[in-house]
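FYI, it's all coordinate maths here, none of it is from the lab. Computed from a predicted structure; not experimentally measured. Methodologically, a virtual Cβ is constructed for each residue, glycine included, from the backbone with ideal geometry; neighbour enumeration extends over all protein chains shown.
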Amino acid sequence: MKPVVYVVEQERYHPEEIGTRAADILEQERLSIRGKTVLLKPSFVYPARPPLNRGINTQPEFVAGVARAFKNLGASRVWVAEDCLVGPSQSGSLAMGVLPLLRGVAEPVYLQDEARVEVKVADALVEDRFLLPRIMMEADLFVSLPKLKVNMYATVTLSVKNHIGLLLARDRLSNHHYNIHKKIADLYRTRIPDFIFTDAVVAGQGQGPMHAEPAGLGVIVAGKNGVAVDSVACRLMGYEPHEIAHLVYLHEKGLGPLELKEMEVRGAEILASHSQKLKRPVTDFSDFGKSVRFCVGTELACAEGCVGMIRGSLDRWLQSNQLQKLRGYTFIVGKPLAKIPAELDPKKTIVVGDCAAEHQRLGDFIPGCPIPPMALTYLLTRKGVIGPLNARLRDLGYGFLAHKLGIKVR
């Protein structure tokens, strides 16, 4: 039987409308919900408030609408579980403004604080075990709520990639380089979602995942089979599923189709009329001009790893026209390096990642394979180069305090 993928119009973020559409889809699918516990996993990667994060995070109205649909269809408990890249898990939920919308409908779960269980993966491509939240593994239904956006590390962020947010920060970094797609495919198989609702009301294009620009698509993409749902979502944003290595790996393991002829698309005419070619991320440094210098390895310099981490950090200055703050800086990454300028200023030279470790004497060195996502931003801040911050310090501060005191912010 062909997997069914739903593409329905949704032009605005309105919880009641989204809840009605989600409930209609769930009733068509005859998903057994009454009396079940349901864990929803959105993407709150960056703790900025709407509308600054419209193209970056699953929107609070979207999450609340889907949560309401499950609650109204008889779920015994609905959890909304997520972490945050900047600060503790609580910071993401506070910044998103989602908590007031969930009261009486769903309970927040802060993944950084949750108990973990080891889950093994048979016939793994690169990682055969992961530490995952016990609550996610034990929930009756696991539902993925990704934001549809481009991603400079993993090509796209959709339901399969959304699993990365289930890992603790330290565990995300292993194989976050040329093996990232294999890691994503392995992680996805630890627990395959029972259902997916993709937030494509406003998508993210350009320098995603952290600096994606909003692009209105006006749809919801949903279904039971994540590979099929993501394959349809790819076409909605101007990608072919075969471009996405983690989808190809999962397809080869028999977990879902990539071709439209192998699935039933309910709303094919909406898919055709709403599809766009979203702007893809720039993953090299070609648009930085001459004020900032980059020495990049000729054989190993991973866009999925350290190169992407540099790019993801510096995009905040580039997009806000504040690149002059970085004038005179040199970033060294990858190996081997064909040529290193002789006149480097060690106070303005940053060596990034283990591949370039032999050159660490030339300036500040950030170790890692890859380096942590915010490490370069933190180093530049300590050096007095302050970048624009879209997150509210109050949200970050409350999040840190709640985490430190063990308070469950609701």
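Dipole of the stretch 4-274 computed with +1 at Lys/Arg Cβ and -1 at Asp/Glu Cβ about the Cα centre; of 159, 47, 178, farthest Cα towards the positive end is 47. Structure note, pairs 161/224; 2/161; 36/71; 120/224: Cα-Cα distances above 19 angstrom occur for 2/161; 120/224. When +1 charges are put on Lys and Arg Cβ atoms and -1 charges on Asp and Glu Cβ atoms, the dipole computed for the chain relative to its Cα centre reaches about 1100 debye. Each Cα pair under 8 Å and six or more residues apart adds its separation to the average, and for the stretch 293-382 the resulting relative contact order is 32 percent. Once backbone amide H atoms are built at 1.01 Å from N, residue 294 has 331 as its partners under 5 Å, excluding neighbours fewer than 5 places away on the same chain.
Can you tell which of 81, 6, 268 lies farthest toward the positive end of the dipole of the chain, using +1 and -1 charges on the Cβ of basic and acidic side chains (Lys, Arg; Asp, Glu)? Final value for the positive-end residue is 81. The helix-only estimate of mean residue ellipticity at 222 nm for the chain, built from DSSP H runs of length n ≥ 4 each weighted as -39500 (n - 2.57), is -8000 deg cm²/dmol after division by the residue total. For the stretch 28-146, the alpha-carbon coordinates run over 42, 36, 25 Å along the three principal axes, in decreasing order.
Taking the structure as given and computing Cα Rg over 2.2 N^0.38 Å, which label from (1) 0.97; (2) 1.22; (3) 1.10 fits? So the calculated entry is the one marked (1).
In the stretch 4-274, the DSSP beta bridges split such that about 55 percent are antiparallel, to the nearest 5. Between residue 16 and residue 378, the C-beta separation translates, for a Förster distance of 45 Å, into a calculated FRET efficiency of about 0.65.
Using the Karplus relation 6.51 cos²θ - 1.76 cosθ + 1.60 with θ = phi - 60°, the per-residue 3J(HN,Hα) values for the stretch 202-214 come to 10, 8, x, 10, x, 8, x, x, 7, 10, 5, 8, x Hz, with x marking Gly and Pro. Averaging sequence separations of C-alpha pairs under 8 Å and six or more residues apart, then dividing by the length of the chain, give the relative contact order as a whole percent. Across the chain, relative contact order equals 18 percent. Taken over the stretch 118-157, the alpha-carbon convex hull comes to 113 cubic angstrom per residue. Listed by chain and number, the aspartates and glutamates whose C-alpha is less than 15 Å from the C-alpha of residue 325, apart from same-chain residues fewer than 8 away, are 315. For the stretch 114-128, 3J(HN,Hα) computed residue by residue from phi via the Karplus equation (6.51, -1.76, 1.60; θ = phi - 60°) reads 7, 4, 10, 10, 7, 10, 8, 10, 6, 6, 6, 7, 8, 10, 9 Hz, glycine and proline entered as x. Obtain the nm distance between the two label points defined at residue 123 and residue 52 by a simple spin-label model: each point lies 7 Å from its Cα along the Cα-to-C-beta direction. Label at residue 123, label at residue 52, 4.6 nm between them. Using a Förster distance of 22 angstrom, determine the FRET efficiency expected from the C-beta separation of residue 282 and residue 113, and round it to 0.05. Step by step, r from the Cβ atoms, then E = 0.05. Listed by chain and number, the aspartates and glutamates whose C-alpha is less than 19 Å from the C-alpha of residue 339, apart from same-chain residues fewer than 8 away, are 284, 299, 354, 358, 364. Taking Cβ atoms as reference points and 12 Å as the exclusive limit, the residues near residue 337 contribute a net charge of 0, counting Lys and Arg as +1 and Asp and Glu as -1.
For the stretch 96-127 versus the stretch 268-303, the inter-centroid distance based on Cα atoms is 30 Å. Rounded to the nearest 20, the Cβ-based charge dipole of the stretch 293-382 about its Cα centre (Lys and Arg +1, Asp and Glu -1) stands at 360 debye. Volume of the convex hull of the stretch 293-382 (Cα atoms only), normalised per residue: 89 Å³. Other residues within the sphere of radius under 9 Å centred on the Cβ of residue 134, judged by their own Cβ, net out at -1 (K and R +1, D and E -1).
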